[in-house]
Amino acid sequence: MRSPASERSLIIESSDDEDAHSAAAAATIEKRHVHDEEEQGAGSDSDSSSSSSSCATPHRGPCSSSPYTEQWPQSYRQSIDILSSVQSPNLSFLGTPTLSRVSNSFLAVTDSFRSKTPEIVSNFVKPLLSPATSDEQQQHEDTRKSSQYLLPSRKPSLQQIPEDQKPLVAVHEVSPYRTCSYTQGVMNGINVLCGVGILSTPYAIKQGGWIGLGILSIFALLAWYTGMLLRHCLDSKEGLETYPDIGYAAFGSTGRIVISIILYVELYACCIEYLILESDNLSKLFPTAHLTIGSLTLNSHVFFAILTAIIVMPTTWLRDLSCLSYISAGGVIASILVVICLSWVGVVDDVGFENKGTVLNLPGIPIALGLYGYCYSGHGVFPNIYSSLKNRNQFPSILFTCIGLSTVLYAGAAVMGYKMFGEATESQFTLNLPDNSAVSKVAVWTTIITYALTIIPLAMSLEELLPPNQQKYSNIIMLRSALVVSTLLIALSVPFFGLVMALVGSLFAMLVTYILPCACYLAILKTKLGWHQIAACSFIIVVGVCCASVGTYSSLSGIIQNYT
């Protein structure tokens, strides 16, 4: 799918002299959108003066037509970038690429957030309800569909403009976004990978034994390899920029839709995990809390799950998610703090590291496979990161670095947690820590912010399916609220953090991370591959299918057993 910016009218490359011509040309192209085109020109001017430390998605021009532009979900590129978009800090002190994420990352929107935003970015920073300055303006606003704000605007390219209306000056595209540096790409990758999965790595060792560290390493290596396969798929054809694009190139419209649904359901499941995590940790911190309504009494677990949903629901209504992105971009820091706090409890609080554990626990291996698989479920964002890089030749090193550093964090938390708590290890090690532990509070509050950014891509994709006359603010708010309520109901129905995570890791992560990249790679490049490449991809597919099958079966069996 093209970047949303590629569906806008062409603009002149920014310079002081050219901006004036650009505004005039825009007025000639479409008088009804003079104001919007002036904003676009201002955004272009802002790009020329913004810091190169910003990074986001480059786009291909409308003149290079692509069959992916009009395919559902059109909002995937835009929503995933917003999910992980903040102004990127200056990371030059980290040094060269030899030193070098998460769902929420430093994929930054340009400095235009600080001045006038281009139209494609301003879609997310306009107020939810526009003030009525006059009856005429209010009538104009009422006629504009909400999808025109939430989705890329569709203005005619120069090819669609009559010859006598085309601007006289020469025009060519310029992206309103900057591109990512090496260190920014690494931070993006680590932020995608390091999430709540780190809380269950000690539990994974409890389930499968110490041999699980070997499984974790193998999964990391295979994740790097399949990430490289996605890169080759993106480079195989012009216009491929996202995971759904790869699905379209490999299997047509059916492949694009199926892959998109899998990615969105994975995000939906993550939101369920967040609510379970919140209710578990808050009920541990405040076990006596409850709510009594008449003859109905809600225990602390149910009460905090509902309270969390009430808190996060208004954040899903926001049109400007940049403020949340700044906070959630601390995912890397939060993951490091979690490991530091865990080690602090073991060393300073005299819990100690004395438990030896078992080498292999065969009955628990299927659950461990799902938990370890969940740790490497960032492939839905990797194509976006690759497309945003200034130097795409650095992607193999970036991918290796972010996966390697994430694996170190996972393994460190797993070893310390299991050595500290042994067979008493809970599905999230925060439940084993003292009630006043800082790590529990870190986990609780960071996931509250992450929820909105995770549910928005799914919400936007569903909003695309609404009839044009139903794409109103009230309907959008109702839709997003319904999504939150549905995740709450499922979280209350299946309040098993470890088993749900194992199910998500076994089913969706295996598909997204291991099976589908190999299948798409074979489908797109089958005529150019050697026997060893075909054998390697076939082997990974077989391994992924086996892990997905046994892990999904064991997870579902465990969930069912908790009800019987």
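Which whole-number percent gives the relative contact order of region 182-563, counting Cα pairs below 8 Å spaced six or more residues apart? Before the final figure, lay out the partial values.
Values: 533 pairs, mean separation 134.1, N = 382.
In percent, rounded to a whole number, it is 35.
If packing is taken as the average number of other Cβ atoms within 10 Å across a peptide's residues, how do 225-234, 267-276 rank, most packed first?
On the way: 225-234: 21.5, 267-276: 24.2.
Going from most to least packed, we get 267-276, 225-234.
For region 370-519, what is the accessible area per residue in Å², given a 1.4 Å probe and the full set of protein chains? Walk me through the numbers on the way to the answer.
Values: 4570 Å² over 150 residues.
Ligands and nucleic acids excluded, the result is 30 Å² per residue.
Could you work out the Rg to Rh ratio of region 182-563, with Rh taken as the Kirkwood radius (inverse of the mean 1/r over all Cα pairs)?
On the way: Rg = 20.8 Å, Rh = 21.5 Å.
Over the Cα atoms of region 182-563, Rg/Rh equals 0.97.
Amide H neighbours of Leu298 under 5 Å, counting only residues 5+ apart in sequence or on other chains, H built in-plane at 1.01 Å?
Hits under the 5 Å cutoff: Leu291, Thr292, Ile293.
The values are calculated or read from the model by the stated rules, or taken from the named source; none is laboratory data. Nothing here was measured: the structure is a model prediction, and the numbers come from that model. So basically every Cβ, Gly included, is an ideal-geometry build from the backbone, and we count neighbours across all protein chains shown. All accessible areas refer to the heavy atoms of the entire protein, side chains included, with ligands and DNA or RNA removed. Shrake-Rupley method; radii C 1.70, N 1.55, O 1.52, S 1.80 Å.
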